[in-house]
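FYI, it's all coordinate maths here, none of it is from the lab. Since this is a predicted model, take the numbers as computed values, not measurements. Cβ placement follows ideal geometry from the backbone for every residue including glycine, while neighbour counts extend to all protein chains displayed.
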Amino acid sequence: MRMILVGPPGAGKGTQAARLVEQFRIPHISSGDMFRAEVKSGSELGKQLDHHMKSGGLVPDDVTIPIVLKRITSPDCANGFLLDGFPRTRPQAEALDREMTKAGVALSAVVLIEVPDSLLEERAVLRRSDPETGTIYHLKYNPPPEAIIPRLVHRADDTKEAVDKRIAKYHSETAPIIPFYSEKGILKKVDGVGDPNAITERIKAVLNS
Ligand code: AP5
Ligand code: MG
């Protein structure tokens, strides 16, 4: 299984990816998680990434593309992978296409998780992540156990201002990759509103169709 999860910020890509990779036993490759780890390391690259991410902008393609392509060519991805948050520009989609053609492999599916803009801000602003387990919580929709609340992290780009900018970037930069995949006949659309378990079932159903 070589698949991509696409969707606006807060659509539930990370939430669904965690469940799908367990089922398919493939690595979860989140460009956002990779970049946040680099920021946390305090490296020079991390400082550059932080500058783009904090404000809700995109990291430039010439930085993003080599990092992610290197990751998917590592041995643990030989039998498949789930990409979350990459590609999110047309040049990224084309670069991935070239790399996969070169490797003689093909994408199984691109799953678009659809959620209206009006629900996205609340999903992001009330999100909290557990740095110890990587679990994604939501203060209203998936409340964390009381005991771990002090250690939870609120992402620097989960402010109202940055979320609004991320949503706008999604429409201007990422939405154009949707026709690219629909022309290839591998795009599967899933309604991302409702109970997360029901959404996982919807994704599995479109993957089997
Ligand atoms: P990234 O980390 O990819 O963020 P994103 O795309 O904005 O998506 P999020 O992680 O915010 O949302 P999600 O869809 O994973 O939702 P989640 O499951 O957490 O990228 C961050 C930044 O890095 C970018 O802005 C950019 O700067 C940079 N970057 C990354 N990749 C890049 C690339 N390829 N090119 C250039 N720059 C790049 O869910 C959200 C919340 O909702 C949670 O609290 C969750 O509990 C809750 N929730 C989930 N499902 C439901 C549901 N069904 N009902 C109610 N609540 C739900
Ligand atoms: Mg995510």
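Of all residue pairs spaced 6 or more apart or on separate chains, those with beta-carbon atoms under 6 Å, a first member in the range 6-21 that is assigned to a loop (DSSP other than H, G, I, E, B) and a second member that is among the hydroxyl-bearing types (Ser, Thr, Tyr) and more than 8 Å from ligand 2 (Cβ to nearest atom) are PRO8/TYR170. Selection within the range 130-157: residues that are touching a residue at least 12 places away in the same chain (Cβ under 8 Å) and of a type in the set (D, E, K, R). The member of this set that is nearest to PRO8 (Cα to Cα) is ASP157. Going through (1) on the phi > 0 side of the Ramachandran plot; (2) among the charged types (D, E, K, R); (3) within 11 Å of ligand 1 (Cβ to nearest atom) one by one, GLU38 falls short only on (1).
When each of GLY104, GLY85 is tested for being at positive phi and buried (at least 21 other Cβ atoms within 10 Å of the Cβ), the lone residue that passes is GLY85. The residue of the range 160-193 that is surrounded by the most Cβ atoms within 10 Å (Cβ to Cβ), among those that are more than 16 Å from ligand 2 (Cβ to nearest atom) and of a type in the set (Ser, Thr, Tyr), is TYR181. Checked against the criterion of being of a type in the set (Asp, Glu), more than 10 Å from ligand 1 (Cβ to nearest atom), in a loop (DSSP other than H, G, I, E, B) and farther than 19 Å from GLY85 by Cα, the candidates GLU201, GLU161, GLU132, GLU183 yield just one match: GLU132.
Residues of the range 194-209 that are surrounded by 18 or more Cβ atoms within 10 Å (Cβ to Cβ) and among the β-branched types (Val, Ile, Thr): ILE199, THR200, ILE203. Out of all the residues in the range 57-98, which are of a type in the set (Asp, Glu) and more than 16 Å from MET3 (Cβ to Cβ)? ASP61, ASP62, GLU94, listed by residue number.
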